[in-house]
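Input: a single structure, listed below in structure tokens.
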Amino acid sequence: MPVVYNGHTTDRVRTQDPDGGMMADTIQFYGAGWCPDSKRSRNCLDRLGIKYEYRDIDEDDKVRTYLKSINNGRATVPTILFPDGSILTEPSD
């Protein structure tokens with residue numbers, strides 16, 4: 001099933017995490033501490049009580065490389081990856 005990425009349609013992402021293991025059953029949030037959009041999106045998820053695993057792309061090169069692999073070569077944050085493989089990049093509240 002296609003996914004919309006910044007106005008473009010892409011396929012669902014693969015089901016492996018940056019370490020090569022299977023994706024967790026929780027939402028994976030890729031962000032950066034310096035990014036105000038990452039902070040805003042995390043605050044939104046927290047307010048709604050939605051559980052997620054946060055991964056800072058500046059703290060782990062594997063995470064940054066993986067993020068680029070699912071975002072057409074871009075390390076765009078925030079990126080939210082859902083357990084079903086769908087992806088949300090630079091979401092609004």
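The values are calculated or read from the model by the stated rules, or taken from the named source; none is laboratory data. The shown structure was predicted, so the numbers you read here are calculated from the model rather than taken from an experiment. For neighbour counting, all protein chains shown are included, and Cβ atoms are generated from backbone atoms with ideal geometry for every residue, glycine included. Areas reflect the complete protein model, heavy atoms only, side chains present, ligands, DNA and RNA absent. Shrake-Rupley method; radii C 1.70, N 1.55, O 1.52, S 1.80 Å.
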Give the residues of the range 46-76 that are within 18 Å of SER86 (Cα to Cα) and among the aliphatic types (A, V, I, L, M), sorted by residue number.
-> ILE50, VAL63, LEU67, ILE70, ALA75
Evaluate the range 14-35: report whether one residue or more is open to solvent by 80 Å² or more (accessible area, probe 1.4 Å) and modelled with pLDDT of 95 or more.
-> yes
Residue list for the range 54-69, restricted to those being in a helix (DSSP H, G or I) and surrounded by fewer than 17 Cβ atoms within 10 Å (Cβ to Cβ) = ASP61, LYS62, THR65, LYS68, SER69
Hits in the range 70-91 (condition: without any contact (Cβ under 8 Å) to a residue 12 or more places away in the chain and either surrounded by 12 or more Cβ atoms within 10 Å (Cβ to Cβ) or within 10 Å of TYR30 (Cα to Cα) (or both)) | ARG74, LEU88
